[in-house]
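The values are calculated or read from the model by the stated rules, or taken from the named source; none is laboratory data. As the structure is a computational prediction, the values presented were derived from the model and not from experiment. Cβ: placed from backbone, ideal geometry, glycine included. Neighbour counts: every protein chain shown. Only protein heavy atoms, including side chains, enter the accessible area calculation; ligands, DNA and RNA are left aside. Shrake-Rupley method; radii C 1.70, N 1.55, O 1.52, S 1.80 Å.
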Amino acid sequence: MCAAAMPLRAARAASRHAHCLGPLVSTEAQKSGACDAITSANRLMGWHLRAGRLDAAREVFNRMPQRDIVSWNSLMATHARSGEHGSAVVTFAEMRHCGFHADNASFSTVLLACARMEALEVGRCVHGLAAKTGASRNVFVGTSLTMMYANCGLFSCLERVVDAVDSPNIALWNALISGFVMNHRVEDARRVFDHMTERNVVSWTAMVKGYVRVHELGWAFELFNLMPAKNSVSWCVMIGGFVNHEWFGEAVNLFKSLVSSGQKVTSAVLVKIVSACSGLKSIGGGRCIHGFAVKSGFVLDQIIEASLVMMYCNSLDINEARLEFDRMERKHVGSWNAIISGYIHANRMDEARQLFDSMVDRDKISWNLIISGYIKDGGIADAFELYSKMPEKNVEAATALMSCFIDNGMLDKAQHVFYNMPQVDVMSCTTLLFGYVKGGYIDDALDLFHRMRKRTVVTYNVMIAGLLRQGNVPEAYKLFDESPTHDLVTWSCLINGFAQNGLNNHALKLYKKMLRSNIRPSDSIISSLISCFSHHSMMVHGQQFHGITIRLGFKSHLLIQNSLIGMYCKCGEMIMAQAIFDRMASRDVVTWNTIICGYAFNGLGQNAIETFGSMKKAQIDPDGITFIGILSACNHMSLLEEGKHFFNMMTHNYGILPNKMHYACMVDLFSRRGMLEQAEELVKSMPFEPDSAIWTSLLSNCRLNGNGRLAEHAATQLISINPMTKMPYLHLITVNGSTKRWGAMDNLRSQTRNVATEKEVGYSRI
């Protein structure tokens with residue numbers, strides 16, 4: 001009995017145990033089923049991604065009841081592949097909000113999205129999170145970080161990112177080289193390249209591209225010839241470098257070497273060699289390339305077809321190019337755009353418009369071309385009318401139209417276009433920013449600048465130049481420090497701004513800082529620095545920069561020669577100034593003005609007048625500044641008749657209306673000759689109100705000639721301009737003293753004591 005009962009108890013116990021485990025087994029089964037469903041959905045998303053069906057991949061994600069980190073990574077990859085990089089970043093944030101921890105793939109994808117958008121601040125935040133979780137030590141994350149910082153122009157931290165990676169591979173080192181190349185830091189790229197223990201074709205090609213980018217074609221070609229293996233990209237980079245620098249013959253020869261090597265010729269290379277034939281205006285070579293394209297199966301390539309049409313436009317008369325265009329059996333929209341561009345460059349806008357109107361299919365390039373053509377032709381109204389008819393307005397056409405309005409002083413219309421654009425980009429914002437700066441609306445410019453989500457080095461340059469023009473040096477220097485990268489224009493803006501605002505030491509310090517950054521100075525920068533030393537006590541520095549101009553090869557640059565003449569003139573070294581002037585191969589009106597004014601202000605008036613005669617013989621038309629120098633020379637030598645002759649010559653011979661400075665020279669000339677009544681009549685005949693310089697000249701000469709009536713009138717005018725100055729009272733005291741009007745002198749001394757004597761407190765701009 002007991003034996004029979006034992007199986008029954010065991011069965012009941014098993015039944016109770018099974019009842020207790022039932023829900024647990026069910027839950028495990030559900031979990032397993034859910035995991036299988038997620039895995040299947042992830043595989044399906046991956047299959048759609050590989051097939052390029054991005055919408056289908058999104059639909060799979062949206063229908064998933066449960067997701068894992070792979071699902072989120074797949075969605076981010078979907079957004080990134082479709083160019084929706086902002087959506088990829090939003091997906092990353094949403095994933096973290098849902099409680100998922102990012103893995104290396106998540107970080108790599110979102111950082112690449114930040115790189116494409118040049119979203120530096122977001123990228124820094126992601127970098128901080130990756131560093132916190134240790135993901136930044138991963139080689140793939142490190143590569144994405146390197147690309148993000150390089151795209152954003154922050155090259156200073158690239159090597160620190162690489163150093164933080166546990167096991168750098170060749171892809172990471174290549175990313176570092178490419179990052180330096182992208183930011184024109186070719187010396188740094190070469191240093192990394194030389195220290196690499198292993199290199200591949202990507203490493204070599206990146207270095208060749210770097211030398212091409214900084215215009216060192218000799219180094220680029222030497223490195224290209226040393227490459228142990230070349231791919232289609234290598235050939236394309238080198239041939240493209242020759243074409244972009246107009247070394248067309250070298251490009252054609254290299255293409256021949258490519259064909260002889262038996263390597264595959266790509267459509268990208270073919271486009272560039274067509275451009276080389278176009279540059280050489282070699283119609284025979286162009287026809288050979290056309291035949292090669294047909295033979296190689298590129299005849300249906302739309303880009304090559306358009307390049308061939310453009311080649312015919314450049315190499316032939318536009319009518320002959322049109323015949324070649326008409327012979328083509330199939331004409332894609334790119335070919336139509338090319339022939340329209342040819343007509344525009346030939347200044348035959350009406351025929352370009354006829355072709356545009358006859359097009360069945362137009363793309364945005366078609367619209368942009370014809371709008372830009374009208375702008376180039378001066379037809380602003382036609383351009384705006386066509387822009388208003390665009391079915392889908394694009395940022396390129398809008399920006400071109402804005403730029404045209406700004407160049408023609410129509411800022412309000414540029415604003416109207418900007419604020420009615422369907423979307424804006426950094427270029428359109430920078431264009432309006434330039435309009436504000438050009439018009440002197442610095443507050444509006446600053447407001448727009450701070451509202452811009454993305455800024456380029458050009459944006460910073462425009463804003464820095466605008467602030468410096470307003471004399472706001474501290475704010476300009478602040479933006480200079482904030483800018484993630486500086487190009488030659490940035491350095492030039494700030495150095496020139498310091499020089500123009502009299503901050504010579506700051507200009508020199510910044511120049512030295514620029515040299516330490518391995519930036520080669522331009523002739524504009526050297527010219528500004530030379531102007532800083534236009535005083536005899538600082539001439540030794542000017543002479544040093546004279547030597548620098550020779551070492552840099554700027555010796556014959558007109559801008560530099562004019563600056564050197566100006567510097568030596570202001571230092572009183574007229575022999576040296578004349579020596580530079582005599583050696584010049586060509587001279588402009590600035591050159592002549594500088595030497596004429598130099599002679600005038602150094603008391604060598606006769607030399608100034610003789611130089612003016614030489615200027616007329618050289619058939620250089622004088623301007624207002626020329627006559628300031630000539631009238632000053634006459635003034636210094638008291639040549640009244642000659643001064644009157646030159647004053648009349650301005651208007652009658654050259655149509656130059658005298659300004660206050662010209663009148664001031666003539667008033668001073670009359671006054672010095674004791675002809676105060678004539679001077680007063682000249683002041684009354686002026687078409688504008690006299691300034692303090694003219695009244696001061698009259699008052700000073702009244703003191704010398706004892707003309708009390710005119711002295712009192714001139715003093716009254718000066719006091720009305722600046723009530724806080726003592727100078728008019730002191731002159732009047734002298735005049736009354738010469739006529740023994742003692743009572744009036746006592747009254748004037750009393751008034752002088754009542755004038756405030758506060759001095760303006762000095763301050764530094766930095």
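Helix 624-636: angle to the longest alpha-carbon principal axis of the chain, degrees 0 to 90, nearest 10?
30
Pairs to check: K438/K509; K209/K454; K295/K331. Give those whose C-alpha atoms are more than 23 Å from each other in this structure.
Long pairs (Cα-Cα over 23 Å): K438/K509; K209/K454.
Based on the mean of other beta carbon atoms within 10 Å per residue, what is the order of 518-529, 219-230, most packed first?
Ranked from most to least packed, the peptides come out as 518-529, 219-230.
Apply the Karplus curve 6.51 cos²θ - 1.76 cosθ + 1.60, θ = phi - 60°, to the phi angles in region 118-130 and return the couplings in whole Hz, x for Gly and Pro.
After applying 6.51 cos²θ - 1.76 cosθ + 1.60, I find 6, 8, 5, 5, 4, x, 5, 5, 5, 4, x, 5, 5 Hz.
Just to be sure I understand the model, the point goes 7 Å from the Cα along the line to the Cβ. What's the resulting N408 to A693 distance in nm?
That separation, rounded to one decimal, is 3.7 nm.
What FRET efficiency do you get for M452 and M359 if R0 is 41 Å and r is their Cβ-Cβ distance, rounded to the nearest 0.05?
The calculated FRET efficiency here is 0.70.
In whole percent, how big is the carbon plus sulfur part of the accessible area of the chain, probe 1.4 Å, protein atoms only?
Heavy-atom surface of the chain belonging to carbon and sulfur, 1.4 Å probe: 54 percent.
Starting at the first residue of region 426-438, write each ³J(HN,Hα) from the Karplus equation 6.51 cos²θ - 1.76 cosθ + 1.60 with θ = phi - 60°, in whole Hz, x for Gly and Pro.
Once θ is set to phi - 60°, the couplings for region 426-438 become 5, 5, 5, 5, 5, 5, 5, 4, 4, x, 4, 5, 4 Hz.
Once you keep just the Cα pairs under 8 angstrom separated by 6 or more residues, what percentage relative contact order results for the chain?
So the answer I get is 3 percent.
Using θ = phi - 60° and the Karplus relation 6.51 cos²θ - 1.76 cosθ + 1.60, list the HN-Hα couplings for region 606-622 in order, rounded to whole Hz, with x at every Gly or Pro.
5, 4, 4, 5, 5, 5, 4, x, 5, 4, 5, 5, 7, 6, 9, 6, x
If you compute Cα Rg over 2.2 N^0.38 Å for the structure shown, which of [x] 1.17; [y] 1.08; [z] 1.37 do you land on?
The calculated read-out lines up with [z].
So, by mean Cβ neighbours within 10 angstrom, what's the order for 476-482, 277-283 with the highest one leading?
277-283, 476-482
Using mean Cβ contacts within 10 Å as the protection proxy, how do 583-590, 493-500 order, highest first?
Descending packing order for the listed peptides: 493-500, 583-590.
Kindly express, to the nearest 10 degrees and within the range 0 to 90, the angle between helix 54-63's C-alpha long axis and the longest C-alpha principal axis of the chain.
Value to nearest ten degrees: 60.
Give, rounded to the nearest 20 debye, the magnitude of the charge dipole that region 450-572 has about its Cα centre when Lys and Arg contribute +1 at Cβ and Asp and Glu contribute -1 at Cβ.
The dipole of region 450-572 has a size of about 260 debye.
Between helix 589-601 and the chain, what is the angle of the helix's C-alpha long axis to the longest principal axis, kept within 0 to 90° and rounded to the nearest 10?
For 589-601 against the chain, the angle is about 40 degrees.
Beyond 22 Å, what percent of the Cα pairs of region 527-669 remain?
39
Which of rounded, prolate, oblate describes region 362-488, given a ≥ b ≥ c as roots of the alpha-carbon gyration tensor eigenvalues and a/c under 1.5 marking rounded, otherwise prolate only if a/b is larger than b/c?
prolate
Could you bin all the Cα-Cα distances of region 64-129 into 5 Å bins starting at 0 and give me the percent of pairs in each, rounded to whole numbers?
So the P(r) values, bin by bin, are 4, 20, 33, 26, 13, 3, 1.
Suppose the chain between S638 and R516 were pulled fully straight at 0.36 nm per residue; how much longer would it get relative to their current alpha carbon spacing?
Using 0.36 nm per residue and subtracting the Cα-Cα distance, I get 38.7 nm.
Using a 1.4 Å probe and ignoring any ligands, DNA or RNA, find the accessible area of E681 and quote it in Å² to the nearest 10.
110
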